[in-house]
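Undergrad: Please see the structure below; I have some questions.
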Amino acid sequence: MDKKKVAVLGASGYTGSDLLRFLLVHPGVEITHLTAEKHAGKMISDVFPHLKGIVDLELKPLRPKSIPKNIDVIFAALPHGTSAAVIKELYERDVKIIDLGADFRISNKNYKKWYGQHPCPELIKKAVYGITELNRDKVKKAKLVANPGCYPTSSILGLAPLVKNKLAEESSIIVDSKSGVTGAGRSPSLDYHFSEVNEGLKAYKVGEHRHMPEIEEALSNYSGLNVDVFFTPHLIPMDRGILSTIYVNLKKKLTTKKLINIYKDHYKDEKFVRISDENVYPSTKQVRGSNYCDIGIKVNSSGSRAVIVSVIDNLVKGASGQAVQNMNVMLGFEESTGINTTPVFP
């Protein structure tokens, strides 16, 4: 069988680097076109020396008309706004598109509120939100997949069994998330210099982060409820990983054991979601470099409130790994192909 030809737009970022890591070992695809505006004309191995002798493609400028006609799959790892404008030009082609940016994750109404005017609002309804575990059947038929944000992935997977089973008071949800610095991207910024983040921990965009409406919309669409989330992100001085601690009031009394069993049943067929046993809570270390989401659960002594701890690697399950997982579903490959890697420990 001929390999599917793949293009990565925005290949010089952290997400692009991890996309290449997985695509290079995928037996069903071949990387044939890479773009990077800041590094156009350079070899990808000049930007990422760890790829020397592994892949030596030249980085091209981002010109939609210059993307070869024989490309089967396009991964767009671009800033919001830029991504939508490019995809608008490419959508009519016979090609599958996976957008790792924010442009197709939320409704046009919310996009206007949180980002501004959308370049092609008519495509938003045609996009499938790519939490594979929640929307697999839709992803399978999709032409355009909106790959979820990193914070939303950890939050949504942590909450999905609760809201689906109508066990959570949907207006009581508090999500407290902590992310490694790679979540801010690779572009230089004073806020992310070593001396600014090292030995420090800070909250930012409290109650006004753009991922909050994404979490609410995805969970509301999945459950049929009107989910209201208060979301606080934090920056922690490590490279990669997200830990989300989620607090929820329960509609009926449960024990920790009972709720763990509900989660295990909900995710029983999901390779990349692992539920911890009672009194065991996951660490970002145990998912580092992998496509796993690990979830720990605790119900308080009165049975009225649950705490969910959800961990992912923000660059993998929170971005590139989930994108490849979605590609596998879209193209009919076995879902774990190319991403069936063991977490890196320590």
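Undergrad: Starting from residues that are of a type outside the set (A, V, I, L, M, F, W, C) and within 18 Å of the chain's Cα centre (by Cα), keep the ones in the range 97-110 and report whichever is surrounded by the fewest Cβ atoms within 10 Å (Cβ to Cβ). Working first, answer last.
TA: Restricting attention to the range 97-110, the residues satisfying the condition of being of a type outside the set (A, V, I, L, M, F, W, C) are 99, 101, 103, 105, 107-110.
Now narrow it down to the ones that are within 18 Å of the chain's Cα centre (by Cα): 99, 101, 103, 105, 107.
On the way: Asp99: 27, Gly101: 23, Asp103: 28, Arg105: 25, Ser107: 15.
Looking at the filtered set, the residue picked out is Ser107.
Undergrad: How do the pairs read when you match residues in the range 130-159 that are within 14 Å of Ala323 (Cα to Cα) and at pLDDT below 95 with residues anywhere that are surrounded by 22 or more Cβ atoms within 10 Å (Cβ to Cβ) and small (Gly, Ala, Ser), using Cβ under 9 Å and keeping only pairs 6 or more apart or on different chains?
TA: none
Undergrad: Do you know which residues across the range 312-346 are touching a residue at least 40 places away in the same chain (Cβ under 8 Å) and among the acidic types (Asp, Glu)?
TA: Of everything in the range 312-346, those that are touching a residue at least 40 places away in the same chain (Cβ under 8 Å) and among the acidic types (Asp, Glu) turn out to be Asp313, Glu335.
Undergrad: Surrounded by 21 or more Cβ atoms within 10 Å (Cβ to Cβ) and either touching a residue at least 12 places away in the same chain (Cβ under 8 Å) or not β-branched (Val, Ile, Thr) (or both): which single residue out of Ile124, Ile74 fits that description? Break it down into steps so the answer makes sense when it comes.
TA: Working: Ile124 fails: surrounded by 21 or more Cβ atoms within 10 Å (Cβ to Cβ).
Ile74 is the lone residue from the list that is surrounded by 21 or more Cβ atoms within 10 Å (Cβ to Cβ) and either touching a residue at least 12 places away in the same chain (Cβ under 8 Å) or not β-branched (Val, Ile, Thr) (or both).
Undergrad: Let me ask another. (1) modelled with pLDDT of 95 or more; (2) under 21 Å from the mean Cα position of the chain (by Cα): which one isn't true of Leu78, the others all being true?
TA: Here Leu78 clears every test but (1).
Undergrad: If I ask for residues that are under 30 Å from Gly303 (Cβ atoms), under 16 Å from the mean Cα position of the chain (by Cα) and not in a helix (DSSP H, G or I), which ones from the range 130-174 would you list?
TA: To start, the set of residues in the range 130-174 that are under 30 Å from Gly303 (Cβ atoms) comprises 131, 133-134, 151-174.
So of that shortlist, the ones also under 16 Å from the mean Cα position of the chain (by Cα) come out as 131, 133-134, 151-160.
Within the range 130-174, just Ile131 meets the criteria.
Undergrad: So, one more: Got a sec? Which helices (runs of 4 or more DSSP H) wholly within the range 175-274 have at least 2 residues that are within 21 Å of the chain's Cα centre (by Cα)? Spell out the reasoning first.
TA: Details: elements: 194-197, 211-223, 256-266.
So the answer is 211-223, 256-266.
Undergrad: In the range 169-188, what residues are under 12 Å from Ser220 (Cα atoms) and either buried (at least 17 other Cβ atoms within 10 Å of the Cβ) or at pLDDT 95 or above (or both)?
TA: So in the range 169-188, the residues under 12 Å from Ser220 (Cα atoms) come out as 170-171.
Glu170, the sole residue that qualifies.
Undergrad: Shifting gears a bit: Please name all residue pairs, on different chains or six or more residues apart, with Cβ atoms under 7 Å, provided the first residue is in the range 52-66 and is over 17 Å from Ser83 (Cβ atoms) and the second residue is of a type in the set (Val, Ile, Thr) and part of a strand (DSSP E or B).
TA: Val55/Ile31; Leu57/Ile31; Leu59/Thr35
Undergrad: Given the conditions (1) part of a helix (DSSP H, G or I); (2) more than 24 Å from the chain's Cα centre (by Cα), and given that Arg93 satisfies all but one, which numbered condition is not satisfied?
TA: Of the numbered conditions (1) part of a helix (DSSP H, G or I); (2) more than 24 Å from the chain's Cα centre (by Cα), the odd one out for Arg93 is (1).
Undergrad: So which residues in the range 277-326 are hydroxyl-bearing (Ser, Thr, Tyr), in a helix (DSSP H, G or I) and within 12 Å of Phe22 (Cβ to Cβ), if there are any at all? Step through it out loud before you land on a result.
TA: Taking the range 277-326 first, the residues hydroxyl-bearing (Ser, Thr, Tyr) are 281, 283-284, 290, 292, 301-302, 304, 310, 320.
Right, trim to in a helix (DSSP H, G or I) and you get 284, 320.
Scanning the range 277-326 gives a single hit, Ser320.
The values are calculated or read from the model by the stated rules, or taken from the named source; none is laboratory data. These figures come from a predicted structure and were not determined experimentally. A quick note on method: Cβ atoms are made from the backbone with ideal geometry, for glycine too, and the neighbour counts reach across all protein chains shown.
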